[in-house]
1. Would you check if there is a residue in the stretch 173-189 being within 27 Å of the chain's Cα centre (by Cα), within 16 Å of the ligand (Cβ to nearest atom) and under 30 Å from Tyr219 (Cα atoms)?
2. Which ones in the stretch 466-480 are over 30 Å from Thr453 (Cβ atoms), in a loop (DSSP other than H, G, I, E, B) and touching a residue at least 24 places away in the same chain (Cβ under 8 Å)?
3. Just to be sure before I move on: is Phe27 away from the ligand (no atom under 14 Å from the Cβ) and without any contact (Cβ under 8 Å) to a residue 40 or more places away in the chain in the structure I sent?
4. Filtering the stretch 44-60 down to residues that are part of a strand (DSSP E or B) and more than 10 Å from the ligand (Cβ to nearest atom), which residue is farthest from Pro168 (Cα to Cα)?
5. Please give the number of the condition Ser106 fails out of (1) open to solvent by 10 Å² or more (accessible area, probe 1.4 Å); (2) in contact with a strand residue (DSSP E or B) (Cβ under 7 Å, 6 or more places away or on another chain).
6. Quick one: which residue in Ile392, Ile365, Ile351 is of a type in the set (A, V, I, L, M, F, W, C) and open to solvent by less than 30 Å² (accessible area, probe 1.4 Å)?
7. Can you give me the ranges of the strands (runs of 3 or more DSSP E) entirely in the stretch 218-317 with at least 2 residues that are of a type in the set (Ser, Thr, Tyr) and in contact (Cβ under 8 Å) with a residue 60 or more places away in the chain?
8. Could you tell me how many of the residues in the stretch 128-175 are outside any strand (DSSP E or B), open to solvent by 20 Å² or more (accessible area, probe 1.4 Å) and among the aromatic types (Phe, Trp, Tyr)?
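The values are calculated or read from the model by the stated rules, or taken from the named source; none is laboratory data. Source: prediction; values computed, not measured. Cβ coordinates were reconstructed from backbone atoms using ideal geometry, including for glycine residues, and neighbour counts include every protein chain displayed. When the accessible area is computed, the model is the full protein with side chains, heavy atoms only, and any ligands, DNA or RNA have been set aside. Shrake-Rupley method; radii C 1.70, N 1.55, O 1.52, S 1.80 Å.
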Amino acid sequence: MKKIAITLLLIFSMNLFGQENYPKDAFRLPLDIPIILAGTFGELRSNHFHSGIDIKTQQREGLPVYSIADGTITRIKVSLWGYGKVIYVAHPNGYTSVYGHLQKFSPKIEAYIKELQYKKKSYEVEVFPNYGELKLEKGELIAYSGNTGGSSGPHLHFEIRSSISEKPTNPLLYGIEVADATNPTLEKLFVYPLSQDAQVNQSTDKIQINYSKQPDGSYLANKINALGKIGIGFVGFDRQDMAANKNGVYSVSLTVNGKTYSSYDFESFSFGETRYINTLIDYEHYGQYGQRIQKTFRSPGNNLSIYKELYNNGTIDIREGLSYNVKLTIKDYKGNDVTLNIPIEGKREEIKIAKDAEKTDNFVIAKKPNNFDLGAAKVYFPENTFYEDFYIDLKKGQDTVTIHRNTVPAHRNFTITFDVDKYSDEERKKLFIARLDSKLRPSYISTYKRANTFTARTRYLGTYTLAKDTVPPKIRTKNFKEKQWLNNYKYLSVHISDDLSGINTYSATLNGEWILMEYEPKRNTLTYNFDDKILDKKQCKLVVTVTDNVGNTSTLSTSFYRK
Ligand SMILES: [Zn+2]
């Protein structure tokens, strides 16, 4: 009896603290090729953890994509950004599979979506078919792999989510085999003095520590002298067999004299918490150098649920005269690991590098709303925009304001409101709010225009200005010339571009009827497929209209022949 109780308790606690029982044989692979990853689950991306795996598709598009099990399509979306063309399939066992960046859908689904696109006269559509309306069998062709949306090369983005909670889970938990006998790589080690009195190697600022490989394959850091509350951070990646891609690691743990202080992994997370990635990484370092240091300690404002164990928030209190053996272990999903031993001695030393504590006239209290008047514009931070209080650096200028730098992450949108009183109505039409990058190149921010003010909502600190776009978009034919015979052509393609504010809308008609032109912003191309409509006229008139974000419009009128 007692034994049964203990066993039950074990099973119970496994489900609470360990891995759930994920079905290992329920699903087939979404592709017919060996699985090589260009990205792992939980990988650190900008403002989010990667919610699936990126499967390499042999540097090409058009590989058949199959449903991993029987199911029904619950959602299809065609978008210029994000997942591009994407399909969601709910399976009877409670999981939903997601297939993103698709080139095109299977004939059955393609016909379903085309009908909707012609009805709505829009390339971008989203539909939630009724349960059972679009049923699929395990292994049924659903689409062809592609590179649509926010994808920088051909691959399949693949997810497995819980259908109820919508929490994405690591697809490798379901028995997908990825050849991986390669250990993760540790690139850099950093130690952070965290408390007021803390110091590390004569520094009150974070410090990089060198380490060397030992005969047993582990790494040993140079001996550190420290005092006070400190934390550990590292830069690292995982490389699998058969590919050079630097992917994210699966788990991280930190022990101090044998006791676990911090341990987290990428079994699952929720979309609601994904932006807290900006508290897991050293955001200031990222903003400055574009490199992500993962902290093994939990910073203020970090609400991530990925921690399996956490003691003292993963921070270490170093006392004078005591020795600490800190051990960092990074693993990939297969359990290949790299370990780094960090010997620390509790010792007070003379400070030679002092953290330069930036002080400005303006202090932001994260928990409170904050308003600042910068002359040309007002900025409003709602409460809890930021994770921590900080001195904000604000600069006033002529039509330009600088709101600190992108070294502090904002969890919520804040608003910037420009006064446009001095501009005429005509000028206001062509003006928009732009963010200036480090090379002072402007990029369009959605601008809400009211009587005398323009407002933008953003989560990025930095420099904002009013910019003017008076130049309409450019349109030119790409694969044909005016009055050409196009009998054997499958596609019509047109090149569109805008110099400053960017393209907002586009539409095309053929002999006066709306036609679907698929827009690929990465190639500045609109494409029409001749299969869409049978043309009954020899001479065809194509009209393409493109409008930029401030309303400058261009129209291309051209004709061609087709039998
Ligand atoms: Zn992806």
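1. From the stretch 173-189, those within 27 Å of the chain's Cα centre (by Cα) are 173-180, 182-189; that's our starting set.
Those left that are additionally within 16 Å of the ligand (Cβ to nearest atom): 176, 178.
Filter once more, so that each one left must be under 30 Å from Tyr219 (Cα atoms): 178.
Yes, because at least one residue in the stretch 173-189 is within 27 Å of the chain's Cα centre (by Cα), within 16 Å of the ligand (Cβ to nearest atom) and under 30 Å from Tyr219 (Cα atoms).
2. Let us first name the residues in the stretch 466-480 that are over 30 Å from Thr453 (Cβ atoms), namely 474-480.
Okay, now just the ones that are also in a loop (DSSP other than H, G, I, E, B), so 478-480.
Answer for the stretch 466-480, where residues must be over 30 Å from Thr453 (Cβ atoms), in a loop (DSSP other than H, G, I, E, B) and touching a residue at least 24 places away in the same chain (Cβ under 8 Å): Lys478, Phe480.
3. Numbers: away from the ligand (no atom under 14 Å from the Cβ): yes; without any contact (Cβ under 8 Å) to a residue 40 or more places away in the chain: no.
No; evaluated as a whole, the condition is false for this residue.
4. Quick first cut of the stretch 44-60, residues part of a strand (DSSP E or B) only: 44-45, 48-49, 53-56.
From what's left, more than 10 Å from the ligand (Cβ to nearest atom): 44, 48-49, 56.
Numbers: Leu44: 15, His48: 12, Phe49: 10, Lys56: 20 Å.
Ranking the qualifying residues of the stretch 44-60, first place goes to Lys56.
5. The failed condition is (1).
6. Numbers: Ile365 fails: open to solvent by less than 30 Å² (accessible area, probe 1.4 Å); Ile351 fails: open to solvent by less than 30 Å² (accessible area, probe 1.4 Å).
Result of the check over Ile392, Ile365, Ile351: Ile392.
7. On the way: elements: 219-221, 224-237, 251-256, 259-265, 307-310.
Here the list reads 251-256.
8. Total satisfying the criteria: 2.
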